[in-house]
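Written out below as structure tokens is the structure these notes cover.
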Amino acid sequence: MTQIPEIIFDTIIHNHKHFGLITLNRPKTLNATNLKMIIALHNQLKEWQMNSSINAVIINSSSEKSFCAGGDIREIYEQKQKNNQALIDFFWHEYRLNYYIAHYPKPYIALLNGITMGGGVGISFHGKYRIATESLLFAMPETSIGFFPDIGSCYLLSRCPGQIGIYLGLTGARLNAADTHYLGLSNYYMKSADLNNLITTLADNNSNSIHDILLSITTSPPSAKLSHPIKLINECFCFNTVEEIITALTKHSNPWCRETAKSLLTKSPTSLKITLEQLKRAAKLSLADCLIMDYRIANHLLNKYDFYEGVRALIIDKDNQPNWQPAKLTAIAATDINAYFEPLAEQDELSFD
């Protein structure tokens, strides 16, 4: 039986122009990426970079439901059960790919159609051209599984206006295309039905500017206003500790605030505290330094309990009853959190050579 490729690479030629086309092709897992896919994507991008005939690269999905729901955390969990000591390899390759995409010298166009979360954000939103459709569903929901918003997303979230990035990182709240456009996370909007004609339009247009072409064929999203309550977010998420944020939400008379506090209390206390500290630091860091910070946190977290317990509860057993350790925010000291940000041995640090 012929094995269906999990990621497909094509070269499309039209009107004497050449495009590298990447298609994520794991619909049963919502295109969750594994180590093999990450390495293959990185290698193919390098090959196309050196190929002078390739005018631009486009990444999309074979599924109408999902662009990419993130890294394959089920596979990581299963490898842990087998006592595989090389779990960090996935993150080493993934974060290096994220950085490479952010600095890719050729136009890198991501077609954001459907679920785009976690690692899916890393292989799309770090690119220069980010086209969202009406079905985009963006989120960084890692605190629900005892992890943290990684793949350099802290660089993106910390540059959102006001306290919105803190809110998104802690809660894992979902955004639509209008939201991501409003926040500057995506920069173009197009109906999903029009995506099939994108390459033809790019090839037939004589303009030398991808930006100008995309502006001519994309439109404004349906709403230019964030669908989340900005005023309440800025009032309640401006504090220096997670405890203060939850207190502000709990004391507020608005039902949305109380529901948000209730939701936060279901998440890993350790993850919440790590995420708040991470996002505060990220505001002053470059993308490279954010990814190095993420890699340090991931190294430390992979040796702890909460991540595997979160995956068990939400992905494996699906009982939605994680037993976080520690179970309360007050049981976690600032020194405990700072330890997750400690540098690794020099030879173990993330590098981009």
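Do we find a residue being at positive phi and surrounded by fewer than 14 Cβ atoms within 10 Å (Cβ to Cβ) anywhere in segment 313-335?
Yes - at least one qualifying residue is present in segment 313-335.
When you scan segment 146-163, do you find a residue that is of a type in the set (Lys, Arg), in contact with a Gly (Cβ under 8 Å, 6 or more places away or on another chain), closer than 30 Å to residue 269 by Cβ and assigned to a loop (DSSP other than H, G, I, E, B), even just one? Yes; the residues of segment 146-163 include at least one that is of a type in the set (Lys, Arg), in contact with a Gly (Cβ under 8 Å, 6 or more places away or on another chain), closer than 30 Å to residue 269 by Cβ and assigned to a loop (DSSP other than H, G, I, E, B). Within the set 15, 113, 98, the sole residue that is touching a residue at least 12 places away in the same chain (Cβ under 8 Å), out of contact with any strand residue (DSSP E or B) (no Cβ under 8 Å at 6 or more places or on another chain) and surrounded by 20 or more Cβ atoms within 10 Å (Cβ to Cβ) turns out to be 98. The set of residues in segment 46-71 being surrounded by fewer than 14 Cβ atoms within 10 Å (Cβ to Cβ) and either among the hydroxyl-bearing types (Ser, Thr, Tyr) or under 19 Å from the mean Cα position of the chain (by Cα) (or both) consists of 52, 53, 64. Screening the candidates 108, 77, 155 for the property of being under 22 Å from residue 55 (Cβ atoms), out of contact with any Asp or Glu (no Cβ under 6 Å at 6 or more places or on another chain) and not small (Gly, Ala, Ser) yields one hit, 108. Going through (1) out of contact with any Cys (no Cβ under 8 Å at 6 or more places or on another chain); (2) in the same structural domain as residue 51 (by TED's automatic domain parsing) one by one, residue 120 falls short only on (1).
Let me confirm something: among 216, 223, which residue is part of a loop (DSSP other than H, G, I, E, B), assigned by TED's automatic domain parsing to the domain that holds residue 133 and of a type in the set (Ser, Thr, Tyr)?
223
What pairs can you find where one residue is in segment 207-235 and within 15 Å of residue 160 (Cα to Cα), the other is modelled with pLDDT of 90 or more and in a loop (DSSP other than H, G, I, E, B), and their Cβ atoms are less than 7 Å apart, with a gap of 6+ or different chains? Pairs found: 227/176; 228/173; 230/162; 233/162; 233/163; 234/162; 234/163.
Going by what's in this entry, would residue 339 be described as within 23 Å of residue 244 (Cα to Cα) and outside the structural domain of residue 127 (by TED's automatic domain parsing)?
yes
Scanning segment 14-24 for residues that are more than 10 Å from residue 55 (Cα to Cα) and either in a strand (DSSP E or B) or within 25 Å of the chain's Cα centre (by Cα) (or both) turns up 14, 21, 22, 23, 24.
With respect to residue 260, determine if the residue is over 21 Å from the mean Cα position of the chain (by Cα) and in a loop (DSSP other than H, G, I, E, B). Judged against the criteria, residue 260 is not a match.
Every listed requirement among (1) touching a residue at least 60 places away in the same chain (Cβ under 8 Å); (2) outside any helix (DSSP H, G or I) is met by residue 303 save one, (1). Name every residue in segment 237-257 that is assigned to a helix (DSSP H, G or I), free of Cβ contacts under 8 Å to residues at least 24 places away in the same chain and surrounded by 13 or more Cβ atoms within 10 Å (Cβ to Cβ), in order of residue number. Once the filter is applied, which keeps residues that are assigned to a helix (DSSP H, G or I), free of Cβ contacts under 8 Å to residues at least 24 places away in the same chain and surrounded by 13 or more Cβ atoms within 10 Å (Cβ to Cβ), segment 237-257 yields 244, 247, 248, 249, 250.
I'd like to verify a number: residues in segment 211-236 that are surrounded by 15 or more Cβ atoms within 10 Å (Cβ to Cβ), under 28 Å from residue 112 (Cα atoms) and out of contact with any strand residue (DSSP E or B) (no Cβ under 6 Å at 6 or more places or on another chain), how many?
8
Checking each residue in segment 50-94 for being within 24 Å of residue 288 (Cα to Cα), in contact with a Ser or Thr (Cβ under 8 Å, 6 or more places away or on another chain) and assigned to a strand (DSSP E or B) picks out 59, 68, 71. The residue list 264, 301, 279 contains one member that is farther than 23 Å from residue 96 by Cα and either surrounded by 15 or more Cβ atoms within 10 Å (Cβ to Cβ) or touching a strand residue (DSSP E or B) at 6+ places or on another chain (Cβ under 7 Å) (or both), which is 264. The residues in segment 111-142 that are under 19 Å from residue 168 (Cβ atoms) and not in a loop (DSSP other than H, G, I, E, B) can be counted, and the count is 14.
The values are calculated or read from the model by the stated rules, or taken from the named source; none is laboratory data. Please read these numbers as outputs of a predicted model, since none were measured by experiment. Every residue, glycine among them, receives a Cβ derived from its backbone with ideal geometry; neighbour counts consider all protein chains shown.
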